[in-house]
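Okay, so here's the structure we're looking at.
Each reported figure results from applying straightforward, stated rules to the coordinates on display, with no laboratory input. Since we're looking at a predicted model, the values are computed, not measured. Here the Cβ positions follow ideal geometry from the backbone for every residue, glycine too, while neighbour counts run over all protein chains shown.
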Amino acid sequence: MMYAVVVGALLVSLCLLLVRALLGPTVFDRALAGNAVGTMAMLLLAIFQFVSGRPEFVDLALVYGLLNIVGTIAVQKFFRYGDLGEPGVADEEHRL
Amino acid sequence: MSAAIDILSMILMGAGGVFCVIGAFGVLRMPGFYTRMHAASVIDTLGASLIIVGLVLQSGFTLASGKLLILWLLIFFCSPTASHSLANAAHRRGVTPWQPDQGAKSSSKN
Amino acid sequence: MHRFHSISVVISLFVFWLVLSGYFTPFLVTVGLVSSVLVVLFAHRMSVIDREGHPLEFRAGVWSYWPWLVVEIVKSAWTVSKLIVHPRLPITPTMTRVKMSQTSAVGQVTYANSITLTPGTISVAIEGDEILVHALTQAGAEDLAGGEMDRRVSACEARA
């Protein structure tokens, strides 16, 4: 019962984020919504561990989190260097 | 004792769910890319943390708690990295910040 | 110091293995220990292990910094949530530049990540010793310009 409330809240926010991902005027809005959807998925997997009583699901949540950050960084890198990209100049500016 | 912990964890998870909904609503409502990002960071920090703390209270002192703490650390370290990289990419690609006086040009449908 | 550093990496990896595996049979524990040692050896051969990936010198100051950061995050997340549900959406987005006084890369990353982690402020770009910050409200930008977070990160860096 108590999990149902939290899962319901997470699903509602998932829907709101999906609407933003569909509307999103720029590609970065979509990537942002996608990243947040990934966080939602991690939390849902972590909760599902307790609903189903199978502790493997938190491992899936960890892997999902790693894939989530790799995916976000891949998307931002593609759209940062993709078609406007002049890697030499950008690399010089990007001295982190 | 166990009932008290149950109630506490229920309250924490409920609050986390509420903050997730608020954050998602903010992502939908805010005008402009950078302002949406602030709403998303509410989800990543407070929403996720409260839900994970509630789950840790549920599982007690077990290995599952350790994994949940690792999950929390992962969110804590990786979400600002992802946010910064997205903001940086948007900045380099010339996404201009939304200003109140520029009107409804880039605002959402609310 | 170099050896001490490697041993600490091995221990961290081994604890990580134990938490993730959850089986404590002698065979699996031995396999975990051997693979942690091998990973560190290979990493040394590839020179991908350094002070930045495993910043030992940060461990002392971090324990006083994190609780403060968590309190800050909760406070500003509450502020941002109130702004989001406010019917008129009273936001005043600003871009500001913030000086950072940290010298090491780890300190700078900690400061920039703390700024991003606090809802209401996002570090957009790093230019020299300044961070370009986007703040949701004018008040948030002024809070950050007050420099308390900067001082705390520097203090925790100096305790090395």
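When the alpha carbon gyration tensor of segment B:2-92 is reduced to an equivalent ellipsoid, its three semi-axes come out at 29, 17, 5 angstrom, largest first. For the pair C:R97 and C:I11, a Förster radius of 41 Å applied to the C-beta separation gives a FRET efficiency near 0.50, rounded to the nearest 0.05.
According to the square roots a ≥ b ≥ c of the eigenvalues of the Cα gyration tensor, what is the shape class of the protein assembly as shown, taking rounded for a/c under 1.5, prolate for a/b larger than b/c otherwise, and oblate for the remainder? It is oblate, given that a/c is not under 1.5 and a/b is not larger than b/c.
3J(HN,Hα) along segment A:21-34, derived from phi through the Karplus expression 6.51 cos²θ - 1.76 cosθ + 1.60 where θ = phi - 60°, amounts to 5, 6, 6, x, x, 9, 5, 5, 4, 5, 5, 4, 5, x Hz, with x in place of Gly and Pro.
Inter-chain neighbour count for C:68-81: the average number of beta-carbon atoms from partner chains within 10 Å of each residue's beta-carbon is 4. The modelled label-to-label distance for the pair B:L8/A:L11, using points 7 Å beyond Cα in the direction of Cβ, is 3.0 nm.
The stretch between C:W78 and C:V62, if pulled fully straight at 0.36 nm per residue, gains 3.4 nm over its current Cα-Cα span. Listed values for segment B:43-57 are Karplus-derived 3J(HN,Hα) couplings in whole Hz (6.51 cos²θ - 1.76 cosθ + 1.60, θ = phi - 60°), namely 4, 5, 9, 6, x, 5, 4, 5, 5, 5, 4, x, 5, 4, 4, and x replaces Gly and Pro. Whole-Hz Karplus values for segment A:42-53 come out as 4, 5, 4, 5, 5, 6, 4, 4, 7, 5, 8, x Hz, taken residue by residue from phi with 6.51 cos²θ - 1.76 cosθ + 1.60 and θ = phi - 60°; glycine and proline positions read x.
Here the label points at C:S104 and C:S47, each 7 Å from Cα along the C-beta direction, are separated by 2.1 nm in the simple model. Close amide H pairs (under 5 Å, H built 1.01 Å from N) link C:A125 with C:L132, residues at least 5 positions away or on another chain. Considering only A:L22, A:V37, A:V63, the residue lying farthest towards the positive end of the dipole of segment A:16-83 is A:L22, judged by Cα position with unit charges set on Cβ.
For the pair segment C:79-146 / segment B:19-51, the C-alpha centres are spaced 15 Å from each other.
Could you tell me which helices of chain C pass both thresholds, a Cα extent of 20 Å or more along their own axis and a mean Kyte-Doolittle hydropathy of at least 1.0, with helices taken as whole DSSP H runs? For chain C, where a helix must reach 20 Å along its axis and average at least 1.0, the hits are C:2-21, C:26-46.
Applying both filters, DSSP loop and at most 13 other Cβ atoms within 10 Å, to the trypsin sites (Lys or Arg not before Pro) of segment C:59-149 gives C:R88.
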